[in-house]
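Written out below as structure tokens is the structure these notes cover.
The values are calculated or read from the model by the stated rules, or taken from the named source; none is laboratory data. Remember, predicted model here, so these are calculated numbers, not experimental data. Quick reminder, even Gly has a Cβ in these numbers, built from the backbone with ideal geometry, and neighbours come from all protein chains shown.
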């Protein structure tokens, strides 16, 4: 199949491309920018007038509770690859489960699935899962999702074992003991509303422990969903030291704070919790400077699990279809350019994964997102393809609308 | 942000928290309560303000005292009162909080008095009633988690006004487990709204919430220092389970440092009053000589509580 995407503004942050040119796709790959490759005859032409043509988004964290609906939501949001944490039911701790998930994803044929294997059996934090087998079945790295390790020794051994095979370990830095009873950031709002607090130290203690073990083992570690300014500072120091540590931040944490809990709004309950304004600003700076990639942390929650008092409601928000508009909103508030903004959700996550995707160089897989950066749409339950209608933005206008998404040169979404 | 307690005319339609209520409404409630004090002294202790209305006492958490005072208050307003102890009924069958509410609304409930272990539960109910278009059904928070216990806060204000007349010259100390106390939070908001210039919180660091200063409170760890020259002392109940974790070593050590003894009381102003929301733990937070002494106004608080709850219910649900 030969496709010409014409009249669009092609932005490829990785390769510094930002030009109004045609993009040519041949046999599932990018075959040319601006100039058609020899012998090109367009079998299909996509008119991208008024639109941005960029690499498909890579989401470093999306839970796929109902896989068909969520993969459809992904491509509707311009996301062409999703990293899936292992905290499904059952946890992704056996090669057969990973194999089945990858296979199911291929069968559905929308966004690519990049599973994270469970680091330990049942995510219990005790006995290692078969990491090599999981890797062969398609797992890109290993994680405990939000589940704790039983003790520091178990964490050390897991990191040593992963390092043996060169596997990366993804960890949510949250001290179990300091966070187990908490439901909100230990700050002014939690004190006022009488919500049990999770102190910032829950994050910094975990990061300090992990960083020390990285120093000792050389393990490649990715820290997921940072939430605090001191947490960002610790990761920056580890990076400056040259340690193989990276991090990401959920897009909601770039825009919301503890104050958005308002009168106990369960849609403002997140894990880790939304913290104070200075924390939000530090996360924002980390993302803008390239220290942190941005992800959706897509967590579909059934309506009944949100219609509960704040402390009983499940944490998380729908994210796949708002990752792009919310990232654009964040970038707009910082006056970042479009290429800078798009880098955070395309090439930066690809770097975390060590993949060559997230770019539009010749011969790269034609995973492409075409979106109108000016188009607005209202976030309503009906507007979302995801089964997860849970969002603190319900009723708000979103700016930036995906028109067409291609995965491997196939059109998988058309608005 | 829309305050769900007030209707579009700025009148009280639910009582969920003291926070965010203007002084005018607090004063209105206290004045109304004062007018009801006389009703409780009559032979026929009834006024017809809620005649024909159904008040549901929805207690998702056990409480005999608060529920009883709400029941008496509703009956003195001539309402029909239905007590539901949810611990023993629907919740254990898996019915959600809002399903329970929908069912009771279908039974023509007019007012819900809600006690719940989760902070914010009464807000969820009030927002749900608004969503289903039932602005004729009202909610009074009878204590939610650690968040608020607004009628207790109001009866405390009634008590202070009764004995001290004027809020604007007072020093008030709240002593004990402020972290877990919904009473303390409601008292703090009420005191600052009514113009008390100095509100003090006294307790060990483990029982004080962070950022109390942002609520306009001065924090003291030393009770001898904190009680100096105060006009009002509000003692808080210390739950026994606080001794199980690492919050406190023992009831004995707590009493030595934060128990109100006659010696410590002598540091306050000679006409200081001693309050307690009850039930008291004698020998843990308060010495019997103080609890039964001439400065204690703990039993009058209970009497005032009925008038205050009558006032709140008649204001939110009356015609």
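Being surrounded by fewer than 23 Cβ atoms within 10 Å (Cβ to Cβ) and either free of Cβ contacts under 8 Å to residues at least 40 places away in the same chain or not in a loop (DSSP other than H, G, I, E, B) (or both) is the filter here, so list the residues in the range A:246-257 that pass it. Before you say what the answer is, go through the steps one by one.
Applying the first criterion (surrounded by fewer than 23 Cβ atoms within 10 Å (Cβ to Cβ)) to the range A:246-257 yields A:255-257.
Within the range A:246-257, A:255, A:257 qualify.
Which of the residues that make up the range A:258-295 are outside any loop (DSSP other than H, G, I, E, B), in contact (Cβ under 8 Å) with a residue 60 or more places away in the chain and out of contact with any helix residue (DSSP H, G or I) (no Cβ under 8 Å at 6 or more places or on another chain)?
Result: A:267, single match.
Of the conditions (1) over 23 Å from residue B:119 (Cα atoms); (2) part of a strand (DSSP E or B), residue B:159 satisfies every one except a single condition; which number is it?
(2)
Just to confirm my filter: which strands (runs of 3 or more DSSP E) fall fully inside the range B:163-264 and include at least 1 residues that are surrounded by fewer than 19 Cβ atoms within 10 Å (Cβ to Cβ) and within 14 Å of chain A (Cβ to nearest Cβ)?
On the way: elements: B:171-175, B:198-202, B:217-220, B:232-235.
Hits in the range B:163-264: B:217-220.
So residue A:352 fits all but one of (1) surrounded by fewer than 21 Cβ atoms within 10 Å (Cβ to Cβ); (2) away from chain B (no Cβ under 14 Å); (3) part of a helix (DSSP H, G or I); what number is the exception?
(1)
For residue B:118, work out the one condition from (1) away from every other protein chain (no Cβ under 14 Å); (2) assigned to a loop (DSSP other than H, G, I, E, B) it doesn't fulfil.
So the condition that residue B:118 fails would be (1).
Just need a number here: residues in the range A:99-125 that are under 30 Å from residue A:160 (Cβ atoms), part of a helix (DSSP H, G or I) and more than 19 Å from the chain's Cα centre (by Cα).
The total comes to 5.
Name the single residue that is nearest to residue A:337 (Cα to Cα) among those in the range A:20-40 being in a strand (DSSP E or B) and more than 27 Å from the chain's Cα centre (by Cα). I'd like the intermediate steps shown before the answer.
The initial filter retains those residues of the range A:20-40 that are in a strand (DSSP E or B), namely A:20, A:23-26, A:29-33.
From what is left, the residues that are more than 27 Å from the chain's Cα centre (by Cα) are A:20, A:24, A:26, A:31-33.
Numbers: A:20: 16, A:24: 25, A:26: 30, A:31: 26, A:32: 24, A:33: 21 Å.
For the range A:20-40, the residue satisfying everything is A:20.
Could you check the range A:303-315 and list, in sequence order, the residues that are within 12 Å of chain B (Cβ to nearest Cβ), without any contact (Cβ under 8 Å) to a residue 60 or more places away in the chain and assigned to a loop (DSSP other than H, G, I, E, B)?
Those that are within 12 Å of chain B (Cβ to nearest Cβ), without any contact (Cβ under 8 Å) to a residue 60 or more places away in the chain and assigned to a loop (DSSP other than H, G, I, E, B): A:307, A:308, A:309, A:312, A:313.
Can you tell me which condition residue A:365 does not meet? The list is (1) touching a residue at least 60 places away in the same chain (Cβ under 8 Å); (2) closer than 24 Å to residue A:247 by Cβ, and all the others hold.
Among (1) touching a residue at least 60 places away in the same chain (Cβ under 8 Å); (2) closer than 24 Å to residue A:247 by Cβ, residue A:365 violates only (2).
Within the range A:190-206, track down each residue that is touching a residue at least 24 places away in the same chain (Cβ under 8 Å) and either crowded, with 22+ Cβ neighbours inside 10 Å or within 12 Å of chain B (Cβ to nearest Cβ) (or both). Give the derivation first.
First, the residues of the range A:190-206 that are touching a residue at least 24 places away in the same chain (Cβ under 8 Å): A:190, A:193, A:195-196, A:198, A:200-206.
Across the range A:190-206, the qualifying residues are A:190, A:193, A:195, A:196, A:198, A:200, A:201, A:202, A:203, A:206.
For residue B:153, which of the numbered conditions (1) away from chain A (no Cβ under 14 Å); (2) surrounded by 18 or more Cβ atoms within 10 Å (Cβ to Cβ); (3) not in a loop (DSSP other than H, G, I, E, B) fails to hold?
Condition not satisfied by residue B:153: (1).
Do we have residue B:278 as under 19 Å from residue B:33 (Cβ atoms), surrounded by fewer than 19 Cβ atoms within 10 Å (Cβ to Cβ) and modelled with pLDDT under 95 here?
Numbers: under 19 Å from residue B:33 (Cβ atoms): yes; surrounded by fewer than 19 Cβ atoms within 10 Å (Cβ to Cβ): yes; modelled with pLDDT under 95: yes.
Criteria met by residue B:278.
Yes/no matrix, rows are residues, columns are (1) in contact with a helix residue (DSSP H, G or I) (Cβ under 7 Å, 6 or more places away or on another chain); (2) closer than 18 Å to residue A:408 by Cα:
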{"site": "A:32", "(1), (2)": "no, yes"}
{"site": "A:38", "(1), (2)": "no, no"}
{"site": "A:41", "(1), (2)": "no, no"}
{"site": "A:58", "(1), (2)": "yes, yes"}
{"site": "A:70", "(1), (2)": "no, no"}
{"site": "A:82", "(1), (2)": "yes, yes"}
{"site": "A:91", "(1), (2)": "yes, no"}
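Does residue A:225 satisfy the criteria of being under 22 Å from the mean Cα position of the chain (by Cα), under 21 Å from residue A:282 (Cα atoms) and in a loop (DSSP other than H, G, I, E, B)? Before you say what the answer is, go through the steps one by one.
Details: under 22 Å from the mean Cα position of the chain (by Cα): yes; under 21 Å from residue A:282 (Cα atoms): yes; in a loop (DSSP other than H, G, I, E, B): yes.
Answer is yes for this residue.
Would you be able to tell me the number of residues in the range B:144-168 that are within 17 Å of residue B:198 (Cα to Cα) and without any contact (Cβ under 8 Å) to a residue 40 or more places away in the chain?
From the range B:144-168, those within 17 Å of residue B:198 (Cα to Cα) are B:153, B:156-157, B:160-161, B:164-168; that's our starting set.
Next cut, without any contact (Cβ under 8 Å) to a residue 40 or more places away in the chain only: B:165-168.
Looking only at that region, the number is 4.
Looking only at the range A:316-331, decide whether some residue is surrounded by fewer than 19 Cβ atoms within 10 Å (Cβ to Cβ) and either part of a strand (DSSP E or B) or more than 18 Å from the chain's Cα centre (by Cα) (or both).
Keep residues of the range A:316-331 that are surrounded by fewer than 19 Cβ atoms within 10 Å (Cβ to Cβ), which gives none.
No: the range A:316-331 contains no residue that is surrounded by fewer than 19 Cβ atoms within 10 Å (Cβ to Cβ) and either part of a strand (DSSP E or B) or more than 18 Å from the chain's Cα centre (by Cα) (or both).
Can you tell which of B:110, B:141 is surrounded by 24 or more Cβ atoms within 10 Å (Cβ to Cβ), outside the structural domain of residue B:276 (by TED's automatic domain parsing) and touching a strand residue (DSSP E or B) at 6+ places or on another chain (Cβ under 8 Å)? Can you show your working first?
Numbers: B:110 fails: surrounded by 24 or more Cβ atoms within 10 Å (Cβ to Cβ).
Only one candidate qualifies: B:141.
Can you tell me which residue within the range A:207-222, out of those that are without any contact (Cβ under 8 Å) to a residue 40 or more places away in the chain and over 21 Å from the mean Cα position of the chain (by Cα), is farthest from the other protein chains (Cβ to nearest Cβ)? If you could, list the steps in order and put the result at the bottom.
First, pick out the residues of the range A:207-222 that are without any contact (Cβ under 8 Å) to a residue 40 or more places away in the chain: A:207-208, A:211-212, A:215.
Remaining after also requiring over 21 Å from the mean Cα position of the chain (by Cα): A:208, A:211-212, A:215.
Numbers: A:208: 21, A:211: 26, A:212: 25, A:215: 31 Å.
Out of the qualifying residues, it is A:215.
When you go through (1) more than 9 Å from chain A (Cβ to nearest Cβ); (2) free of Cβ contacts under 8 Å to residues at least 60 places away in the same chain; (3) under 22 Å from residue B:151 (Cβ atoms) one by one for residue B:141, which number turns out not to apply?
Every listed condition holds for residue B:141 apart from (2).
For (1) within 14 Å of chain A (Cβ to nearest Cβ); (2) more than 17 Å from the chain's Cα centre (by Cα); (3) touching a residue at least 60 places away in the same chain (Cβ under 8 Å), each residue gets a yes or a no:
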| site | (1), (2), (3) |
| --- | --- |
| B:6 | yes, yes, no |
| B:9 | no, yes, no |
| B:16 | yes, no, yes |
| B:29 | no, no, yes |
| B:33 | no, no, yes |
| B:36 | no, yes, yes |
| B:44 | no, yes, no |
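If you go through the range B:38-68, how many residues are part of a helix (DSSP H, G or I) and surrounded by fewer than 19 Cβ atoms within 10 Å (Cβ to Cβ)?
Taking the range B:38-68 first, the residues part of a helix (DSSP H, G or I) are B:39-41, B:65-68.
Remaining after also requiring surrounded by fewer than 19 Cβ atoms within 10 Å (Cβ to Cβ): B:39-41, B:65, B:68.
Qualifying residue count for the region: 5.
Could you identify the single residue in A:15, A:7 that is more than 22 Å from residue A:372 (Cβ to Cβ) and either touching a residue at least 24 places away in the same chain (Cβ under 8 Å) or more than 26 Å from the chain's Cα centre (by Cα) (or both)?
Details: A:7 fails: more than 22 Å from residue A:372 (Cβ to Cβ).
One residue alone meets the criteria, A:15.
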